[in-house]
Every structure is written in structure tokens, then in C-alpha cells.
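The values are calculated or read from the model by the stated rules, or taken from the named source; none is laboratory data. All values reported here derive from a predicted model rather than from experimental measurement. Note: ideal-geometry Cβ built from the backbone for every residue, glycine included; neighbour counts use all protein chains shown. Heavy atoms of the whole protein, side chains included, go into the accessibility calculation; ligands, DNA and RNA do not. Shrake-Rupley method; radii C 1.70, N 1.55, O 1.52, S 1.80 Å.
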Amino acid sequence: MKKQRMIFGLSPLYWGLWLAILILWMGRFVTSFLSIYLVSALHLDEGVVGAVVAMYGFGAIIGCLFGGALSDRFGRQSMIIIGEIGAAAALLVVSVLADPVALGAALFVYGAFASLPSPAIAAYIADVVPPKRQQRAYVLQSWAINFGYAIGPIVANQLIKISYSLMFYVEAAVMIAVTILLIVFFREVRHLTTSAPAARPEGAMSRNWRRVLTDTPFLGFSLLMFGYFLVYFQSTSGLPIAMTDLGLGLGEYSVLLTINGGMLCLLQIPAMKLFARMGNSRVLVMGLAVTAIGYAVQAVAHSWGGFAIAVVLWTLGELGTFPIATTTVAAMAPATARGTYQGVYNVVWSVSIALAPLIGGWVIGGFGGRMLWIACTVVLVGVTVGLRVTKGSRDAAMAAAMGAEDDSQ
């Protein structure tokens, strides 16, 4: 292996993928505006919109379920490239459809391909970054995603003024361009080192599945994060509908998304040193507690200002939640099954994407937005308590995985 120059404590093997993630998320805005597009442009009923958007999440379940295991079997790079190309093609199909059934089917395919790279990316980072620097790597990955998330709504809002279709075309073009860059990058990576475990016999896939599905600390952690994700995805499904019902428009919602992404970009990197001192479990518990307070404020919000205060609070909670949760999964996973572990964890994420619009739409339609935010607050309190209670078993699992990896070296 060639000696590599470290940048901010991380190698070029990491930074090449980081740059691709940054560009991808700057152009990834369709899912955030999908509910509004279906209601405003296609004039679909709110209940139908929830079901159609949920199909994206159901497709994502398939992508995550197989993406991680296949990346352990065939390599991280193949799954990342295939996922981006397939997602771009599916998105172009979505842009020309108007029938709810056809839209649901196309969104299912789009969700499957778009989610295929996620566990492979998370496993790739664990492959090329030493354990002591993985928290930094995942925080910086989260920063890249959030920076793109802050820029994306601004770009999308301008594109929508011209045409909703343009939003789909631009995102697909970004995916294709980044895929070309990744192909070049991965070709160069092969000259530097092998960035992922070698392909393994087919039997290894079944062994990895058995291992992950009998790992009680990991499954318990994933179940708790499932509760958090169900609440989190109300920000792109339930929140725009609830704000519309209060007479607030697309512009106000776009600004909230920008506030969320902007705060994460400004505070994520300065918070890294604090996270390193606190430890993973403590960061997660405190982050969830602050998020619960934010949703409690949202339950009594009736104006844009009230929603803005709530967003600021649950954004502070979000700062450490996503990167630290991914770091925790990487720390609990054995090296030979990293993709499978990340795949199962991302399935939890994807199930939440599928169910959140259905749950949010049903609660808002039957009981109003305030009841949805009260329910979210209760769920977050339960998740916070659960993470605190299970800290010991989670820490023991991470220590065992670290010991096993040291013994194998």
C-alpha cells in the first residue's frame, strides 16, 4: 500500500467518496418536495399522497436489505455505482407519470436503487478509516449531507418556479455526473489499496445474516432508532401538510429546511471535539432529549415563528444523532459483516420512510397536526429512556467487536 497524505486526519480514500456525497446531496431534493409536488402539481388527495410517497420507502427497504449483504459479497464500489445509475433512470420515469398507481410503482423502484448504496457507503468508510477516527469520518459525512440538504431546497425552490419537471431532471443529471466521477475515483483507489474486503463465498452471506439477526444489543439499538426515525421523517411528510393546513406555504417550509441544514453545517464540525469527549451513548441520549423538547414546542406552534423555534431545537438534537448512531453500528459490527449490519440498520431507516407518511397523514387527517406532534414527543421520550437503559449492553458489544478485530490482525 502506498503511503497516503492525511487530510484532517483522514486519507484520500475517504475524501474522494466524501466529495461525491457532498455533490449528490446538493442535488438531492425531490424526496423533500415530493408531497407538495403531488398535492400542488398533480392535485392528489392527501390520503393518496401518503400512500404514494410511502412506496418510495418500501422500495428503499429492498435496496438496504440487499445492498449491505451484496456489498459484503461483491464489494462496496459495485453497489454504489449500480445504485446511482438505477436511481437516476427511475427518477426520469417518475417525472413523466401522473397516475397514482404508476407513480407508486416508479417510486418503489427509485427507492430501491437510491438506497442500494447507503449501507455500502457506511461500510466503505469503516473499511478505510481506523476505528479511532470513525466518529470523525461519520460526522464529516453527516456534515456533507446536511450542507447539501441546506443548499438543495434553495435550488429546488427556484427550479419549481420554472417547472416541477425540472426538479427531477436536475437531480438525475447530478446523479449521472457523480457516478462518472466515482468510476474514475474507484479506479484510482485500486492503485492505492484494496478499500473493501475481498469477495466472499456465497455461504458467508447466510452466516452474516444469522449473526446480525441474533445480535441482541444491535437489534435493540435498531428498534429504538426506528422510533426516532418515524418521528424524524415527519419533517418531510407530516410537517409540510400540517403547515399547509395552517395556511403556510412552500416558501415558509423551504426556509425551515434551510434553517435545519444551515445550523447542522455551522455546528456539526465544531461539535466533533465535544462528541469525542462525551462518548457515543451519552451524545445519543442527550441528542434525543433535546429533540423531544423541540417536538413538544412544535405541538403548540401555530405560526411560522413557532415552527422555526421547534426546528432550531430538534436540529440541535439532530447534530449528534445520525453520525453517532452510524458510528455505533460500525463499532458493533464485525469486519466481515459490516455491509450486512449497515444494511439491516438502513432497513430500519427505510421502513420509517415508508411508514412515516402513512402514519403522519392518518393522524393529521383524523386528529390534526397538534396531535401528531404530541405523539412524536411521547415516542422520543421513550427512545431517550431506552437508549439510557441499554447503554451497558451496547458498550459491551462494541468492546467485543473491537477485541475480535484486534485478534484477527
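Annotations for the structure displayed:
- The chain: relative contact order as a whole-number percent, Cα under 8 Å and 6+ apart: 27 percent
- A simple rule links phi to the HN-Hα coupling: the Karplus curve 6.51 cos²θ - 1.76 cosθ + 1.60 with θ = phi - 60°, which for the stretch 146-156 gives 5, 5, x, 5, 6, 7, x, x, 5, 5, 4 Hz, with x for Gly and Pro.
- Using the alpha-carbon positions of the stretch 292-409, Rg (one decimal) and Dmax (whole number) come out as 18.0, 58 Å.
- Rounded to whole Hz, the Karplus (6.51, -1.76, 1.60) HN-Hα couplings of the stretch 352-368, x for glycine and proline: 5, 4, 6, 7, 4, x, 5, 5, x, x, 5, 5, 5, x, x, 10, x
- Taking only Cα atoms of the chain, radius of gyration then Dmax in Å: 20.3, 61
- DSSP loop trypsin sites (Lys or Arg not before Pro) with at most 16 other Cβ within 10 Å: longest gap in the chain: 6-409
- Accessible surface for the chain, divided over its residues, is 40 Å² per residue with a 1.4 Å probe.
- Structure remark: mean-square fluctuation, Gaussian network model of the chain, C-alpha springs under 10 Å; the largest value among GLY262, GLY59, GLY360 belongs to GLY262.
- Under the Karplus curve 6.51 cos²θ - 1.76 cosθ + 1.60, θ = phi - 60°, whole-Hz ³J(HN,Hα) for the stretch 295-304, x wherever Gly or Pro sits: 6, 5, 5, 5, 5, 10, 7, 10, 9, 4
- For the pair the stretch 75-115 and the stretch 229-256, the centres of their Cα atoms are 24 angstrom apart.
- Solution diffusion estimate, µm²/s, Stokes-Einstein, the stretch 347-390, Kirkwood Rh from C-alpha pairs, 37 °C, viscosity 0.692 mPa s: 284 µm²/s
- Rounded if a/c under 1.5, otherwise prolate or oblate - the stretch 223-365, Cα gyration tensor axes: oblate
- Note on the chain: with neighbouring protein chains present and a 1.4 Å probe, carbon and sulfur make up 70 percent of its accessible heavy-atom surface.
- For the stretch 292-344 and the stretch 146-185, distance of Cα centres in Å: 24 Å
- Per-residue ellipticity at 222 nm, computed for the chain from helices alone with -39500 (n - 2.57) per DSSP H run of at least four residues, works out to -28500 deg cm²/dmol.
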